[in-house]
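A quick write-up on the structure given underneath.
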Amino acid sequence: MRLGLSMRYLGYHIAAWRHPDVPSGGAIDFNYFLSSAKKAEAAKLDMIFFADGIGIRADDNPKGSLARDMKNAELEPLTLLAALGACTSHIGLVATASTTYNEPFHIARKFSSIDHISGGRAGWNVVTSWSQQEAWNFSRDEHLGYDERYERADEFVDVVKALWSSWEEDAFVRDKESGIFYDEAKLHTPHHKGKHFRVRGPLNSARTPQGRPLIVQAGASEPGREIAAKSADVVYSSTLDLQSAQKYYADVKSRLAKYGRAPHELLIMPGLTPYIGKSRQEAQEKFEQLQELIHPLTGLAILYNVLGDLSSYDLDAPVPDVAGSEVHSIARNLMDVAKRDNLTLRQLYQHVAAANAGRALVGTAEDVADDMESWFRNGAADGFNICPATLPQGIDDMTDLLLPELRRRGLFRTEYEGTTLRANLGLAPAAFGK
């Protein structure tokens with residue numbers, strides 16, 4: 001199976017910064033991330049991943065919650081990737097960049113540069129920006145509508161791929177004797193003219209070591225699935241149970257054929273936050289320690305952007321049936337969980353806090369490996385995007401407990417297979433123009 005490590009903030013538990021062993025200022029400390037990246041590389045993980053938003057995606061709702069939120073100061077991820085690329089040698093480097101408030105030429109050039117700097121280890125996680133807070137940072141009173149965001153994203157990815165194919169692999173001959181720097185026949189200027197973009201090109205960068213950087217996509221929506229099937233190499237999914245994961249896996253894979261692609265050309269890696277102990281009791285204690293650090297205002301605030309203002313409801317009463325959300329897939333998942341398990345509001349925000357709205361597992365390495373193997377062998381996952389509750393402790397638990405168990409079962413590598421991210425993921429170099 002393929003394994004990535006998500007490294008945003010200080011971990012994926014909302015109260016991670018309050019853990020006594022977590023450096024509370026780590027999110028703006030390069031050495032903090034470098035240490036974690038080197039641990040991940042020593043463990044032979046496929047990639048590290050930085051999610052991102054281009055604004056503080058929260059207001060002070062409920063009052064007093066924003067001052068308790070760790071998600072308000074972090075390093076810009078592309079800058080961070082470039083620095084980490086110069087200090088590592090094998091691990092993949094993936095970061096989010098929005099199609100809503102960037103231009104295709106910017107994204108194509110930046111990720112191309114990171115791929116060159118790292119020797120072929122860069123990946124772009126394609127997202128749309130959905131929050132009002134982000135819109136306010138880019139001279140807009142309202143964010144783009146749902147349909148427009150995804151329509152723009154689809155065209156955006158097409159333009160970026162065309163820019164990445166501006167030059168054939170051997171276009172730059174650099175012949176000092178003749179004075180010819182590049183072969184004119186191997187330059188392909190995109191001349192793109194579409195609804196959202198007019199981009200002449202070409203990109204002022206050579207074709208990269210991977211052919212082009214990896215494209216990663218994380219949307220579960222209908223247009224998001226189409227973008228994934230058309231262009232993505234990896235999908236980070238957020239399914240919460242095996243049956244839903246199998247349905248999602250089959251659906252996305254089934255869409256590949258109409259784009260001339262085979263199922264093995266797209267890897268699906270659900271998110272997972274493991275709480276691992278040498279015993280189940282130890283794992284439960286790690287979990288409960290963090291749950292007890294959640295302030296109620298913080299708990300209500302993490303539900304606010306997904307389900308709205310719930311501060312008028314009783315925390316210990318069942319979750320009210322709220323409707324309407326811009327984050328369609330996340331909201332739907334949360335309401336399904338709340339109804340299925342008859343959760344109170346307090347229990348729901350604790351559930352979200354445990355894995356940042358993703359799936360959490362609490363148990364021994366054998367328990368976690370059993371679950372991962374079941375998903376891997378039963379058409380639900382090609383691997384996992386591990387989202388540790390705290391950093392760096394989560395990496396240490398993986399290295400010391402989980403990975404030895406996965407290797408004992410023959411489910412994970414002991415050494416890297418290649419020097420590029422594509423090679424280590426078992427993906428072929430990108431064909432020219434694809």
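Taken together, the values in this text are just the output of simple stated rules run on the coordinates, not laboratory data. Model, not experiment: these values are computed from the prediction. Here Cβ is always computed from backbone atoms with ideal geometry, including for glycine, and neighbour counts include all displayed protein chains.
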When 9, 349 are arranged by how many other beta-carbons sit within 10 Å of their Cβ, fewest first, they go 9, 349
With residue 52 itself left out, Lys, Arg at +1 and Asp, Glu at -1 over residues whose Cβ is under 14 Å from its Cβ give +1
Only Cα pairs under 8 Å and at least 6 apart count here; give the relative contact order of the chain as a rounded whole percent. 23
At a temperature of 20 °C and a viscosity of 1.002 mPa s, determine how fast the range 360-412 diffuses translationally according to Stokes-Einstein, using the Kirkwood radius over alpha-carbon pairs as Rh; express D in µm²/s, rounded to the nearest whole number. 187
In what sequence do 156, 432 fall when counting other Cβ within 10 Å, fewest first? 432, 156
Excluding residues fewer than 8 positions from residue 176 in its own chain, the lysines with Cα under 28 Å of it are 186
XL table 71/286; 193/434; 230/434; Cα-Cα > 20 Å flagged, in table order, is 71/286
Could you check how many percent of all C-alpha pairs in the chain are farther apart than 41 Å? 14
Would you mind checking the pairs 110/161; 161/247; 44/278 and listing those with alpha carbons more than 25 angstrom apart? 161/247
Counting other Cβ atoms within 10 Å, keep those with at most 13, restrict to DSSP loop, and tell me which GluC sites (Glu not before Pro) in the range 290-368 are left. 292
Most exposed first by the Cβ proxy, i.e. fewest other Cβ within 10 Å, how do 70, 269, 7 rank? 70, 269, 7
As an exercise, find the ratio Rg/Rh for the range 45-160 from alpha-carbon atoms, using the Kirkwood inverse-distance average for Rh. 1.02
